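Novice: Input: one structure, supplied below.
The values are calculated or read from the model by the stated rules, or taken from the named source; none is laboratory data. Values in this document were obtained by computation on a predicted structure and should not be read as measured data. FYI the Cβ positions are ideal-geometry reconstructions off the backbone, even for glycines, and counts take in every protein chain you see.
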Amino acid sequence: MPVEINGLLNHNLGTEIDPVPFSHYDVQGIAAQARLHDVHGYDRVLIANAAVMPDNISTAGYVAAVTERLGVMLAHRPGFIAPTMAARLLATLDLLLKGRLGVHIITAASDVETQADGDYLTKIQRYERSREYIGILRQIWAAPAPVDHEGAWYRFNGGFAAVKATRPSIPVYFGGLSPEAIAVGAECADTFATLSDTVAGMAEVVAKVRAAAPAGRDPRFLMSIRVVLGETEDAAWDEAARIERRIRDLTPPRPANAGKPAAAGFQRTADLAQQGDRLEKCFWNGINKLRGGQSNSGTLVGTPDQLVDALMDYYAAGVSGFIVRGYHGLDDVEWVGRDIIPALRAAADAYDRKTHP
């Protein structure tokens with residue numbers, strides 16, 4: 001199966017080690033990130049979404065205008081606009097991107113955050129609503145004529161998208177580690193997406209989702225992972241130590257498990273952070289531990305060959321997609337594109353030929 005390699009596109013060029021005000025919306029910086037990912041062979045960029053962030057749909061439209069082949073994984077929260085409207089919006093954006101859009105349905109990890117936008121549903125209710133929402137999106141994308149719908153969360157007559165996306169269904173990403181998330185993702189996702197984890201942890205996720213999937217469904221799996229590169233192994237670990245010192249200087253450490261994380265994914269990260277600084281071949285928990293496990297900063301540290309080797313362990317465990325990002329902004333986008341992406345694609349292709357001749 002072709003490996004999918006994605007990046008992360010932020011609304012400015014700030015990083016943990018070189019921050020800028022979160023409120024700064026940098027149009028030129030967005031263009032620079034998009035073009036660099038485009039040139040260096042990434043499949044997509046994730047454009048995130050949260051209650052306080054700038055509108056990512058507008059940002060995605062701008063990315064479409066400044067790139068040639070780069071796709072977008074658009075984080076999208078169901079429940080804030082009608083699914084019929086969302087279906088038309090996403091279809092239009094897919095046309096602007098010439099078929100390069102994927103939508104990452106984010107049910108939301110925190111009641112506090114959803115309430116900031118006036119949504120007071122419980123977590124379980126949000127997942128049930130997401131299931132119905134995804135079904136409506138796909139129905140509207142594919143329907144040749146207006147359709148009616150009456151469900152637990154939505155009711156409409158004559159829902160329709162006169163202008164269609166480039167495909168009958170835009171690819172749907174979905175994630176979460178709670179039982180509700182696994183059930184909905186196994187049923188609805190084209191790609192099940194997770195936070196950073198060890199190979200053993202991802203193998204467990206793959207097994208759980210596949211066991212929960214209805215007959216005939218076989219979603220792909222994608223994991224977000226951070227990377228620190230060095231010309232030698234020692235140089236890479238020295239750089240990891242420098243990054244940790246810099247972040248520690250800028251941000252006071254959080255106590256381990258300070259308040260139980262609302263999301264099962266972050267609870268898993270918190271638990272993982274307690275297992276030690278270094279796990280498996282080159283998995284580093286340094287920043288996870290610094291933040292009390294309440295982050296998505298599991299990191300692979302090593303030379304390009306070591307990182308590709310480690311990523312291939314995930315691939316062999318069933319993970320065929322990655323969001324790969326470092327700590328140095330545009331510099332990391334470039335070196336991952338130069339030193340990791342071609343080698344990882346070649347390794348995955350060789351693995352497929354060997355295991356499925």
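Novice: On the basis of being on the phi < 0 side of the Ramachandran plot, buried (at least 21 other Cβ atoms within 10 Å of the Cβ) and not in a loop (DSSP other than H, G, I, E, B), does ILE5 make the cut?
Specialist: Spelling it out, ILE5 is indeed on the phi < 0 side of the Ramachandran plot, buried (at least 21 other Cβ atoms within 10 Å of the Cβ) and not in a loop (DSSP other than H, G, I, E, B).
Novice: In the set GLY292, GLY321, GLY302, GLY329, which member is modelled with pLDDT under 95 and not hydroxyl-bearing (Ser, Thr, Tyr)? Full working, then the answer.
Specialist: Values: GLY321 fails: modelled with pLDDT under 95; GLY302 fails: modelled with pLDDT under 95; GLY329 fails: modelled with pLDDT under 95.
Exactly one residue qualifies, and that residue is GLY292.
Novice: Please verify whether ILE134 is of a type in the set (Val, Ile, Thr), assigned to a helix (DSSP H, G or I) and over 30 Å from LEU272 (Cα atoms), treating the condition exactly as stated.
Specialist: When the stated conditions are applied, ILE134 passes them.
Novice: Inspect all residues belonging to the range 324-336 and state whether any of them is more than 14 Å from LEU8 (Cβ to Cβ), in contact (Cβ under 8 Å) with a residue 40 or more places away in the chain and surrounded by fewer than 18 Cβ atoms within 10 Å (Cβ to Cβ).
Specialist: Yes: the range 324-336 contains one or more residues that are more than 14 Å from LEU8 (Cβ to Cβ), in contact (Cβ under 8 Å) with a residue 40 or more places away in the chain and surrounded by fewer than 18 Cβ atoms within 10 Å (Cβ to Cβ).
Novice: Considering only the range 75-110, state which residues are under 24 Å from GLU187 (Cα atoms) and part of a helix (DSSP H, G or I).
Specialist: PRO83, THR84, MET85, ALA86, ALA87, ARG88, LEU89, LEU90, ALA91, ASP94
Novice: Quick one: count up the residues across the range 137-158 that are out of contact with any helix residue (DSSP H, G or I) (no Cβ under 7 Å at 6 or more places or on another chain) and either assigned to a strand (DSSP E or B) or surrounded by 15 or more Cβ atoms within 10 Å (Cβ to Cβ) (or both). Please lay out each step first, then the result.
Specialist: At the first step, the residues of the range 137-158 found to be out of contact with any helix residue (DSSP H, G or I) (no Cβ under 7 Å at 6 or more places or on another chain) are 138-139, 142-146, 148, 150, 155, 157-158.
Checking the rest, the ones that are also either assigned to a strand (DSSP E or B) or surrounded by 15 or more Cβ atoms within 10 Å (Cβ to Cβ) (or both) come to 138-139, 142-143, 148, 150, 155, 157-158.
Of the residues in that region, 9 qualify.
Novice: Looking only at residues in the range 17-69 that are among the polar types (S, T, N, Q) and assigned to a loop (DSSP other than H, G, I, E, B), which one is surrounded by the fewest Cβ atoms within 10 Å (Cβ to Cβ)?
Specialist: Top of the filtered list is SER23.
Novice: Okay, next question. Cβ-Cβ below 6 Å, separation at least six or inter-chain, first residue in the range 171-191 and over 15 Å from ILE124 (Cβ atoms) and modelled with pLDDT under 95, second of a type in the set (Gly, Ala, Ser) and crowded, with 19+ Cβ neighbours inside 10 Å: which pairs?
Specialist: GLY175/ALA193
Novice: Would you please list the contacts, defined by Cβ atoms under 6 Å and residues six or more apart or on different chains, that run from a residue in the range 45-62 that is closer than 19 Å to GLY118 by Cα and touching a residue at least 40 places away in the same chain (Cβ under 8 Å) to a residue that is among the hydroxyl-bearing types (Ser, Thr, Tyr) and part of a loop (DSSP other than H, G, I, E, B)?
Specialist: Close Cβ pairs satisfying both conditions: PRO54/TYR25.
Novice: A further question follows. Among the residues of the range 309-316, are any at pLDDT below 95, farther than 17 Å from GLU16 by Cβ, surrounded by fewer than 22 Cβ atoms within 10 Å (Cβ to Cβ) and not aromatic (Phe, Trp, Tyr)? Lay out the reasoning, then the answer.
Specialist: Step one: list which residues in the range 309-316 are at pLDDT below 95, which gives none.
So far as the range 309-316 goes, no, none of its residues is at pLDDT below 95, farther than 17 Å from GLU16 by Cβ, surrounded by fewer than 22 Cβ atoms within 10 Å (Cβ to Cβ) and not aromatic (Phe, Trp, Tyr).
Novice: State which residue is surrounded by the fewest Cβ atoms within 10 Å (Cβ to Cβ) when the search covers only the range 112-121 and only residues that are acidic (Asp, Glu) and closer than 29 Å to ARG44 by Cα.
Specialist: Looking only at the range 112-121, we keep the residues that are acidic (Asp, Glu), and these are 113, 117, 119.
Keeping just the survivors that are closer than 29 Å to ARG44 by Cα gives 113, 117.
Details: GLU113: 15, ASP117: 13.
My answer is ASP117.
Novice: Need a quick list: strands (runs of 3 or more DSSP E) entirely within the range 159-243 having at least 2 residues that are aromatic (Phe, Trp, Tyr) and surrounded by 15 or more Cβ atoms within 10 Å (Cβ to Cβ).
Specialist: 172-175
Novice: Still on this structure: Is there a residue in the range 347-354 that is in contact with a helix residue (DSSP H, G or I) (Cβ under 7 Å, 6 or more places away or on another chain) and not aliphatic (A, V, I, L, M)?
Specialist: Scanning the range 347-354, I find at least one residue that is in contact with a helix residue (DSSP H, G or I) (Cβ under 7 Å, 6 or more places away or on another chain) and not aliphatic (A, V, I, L, M), so the answer is yes.
Novice: Suppose we filter ALA145, ALA165, ALA200 for residues that are among the aliphatic types (A, V, I, L, M) and under 30 Å from ARG278 (Cα atoms); which single one remains? Explain how you work it out, then say what you get.
Specialist: Numbers: ALA145 fails: under 30 Å from ARG278 (Cα atoms); ALA165 fails: under 30 Å from ARG278 (Cα atoms).
Just a single option satisfies the conditions, and that option is ALA200.
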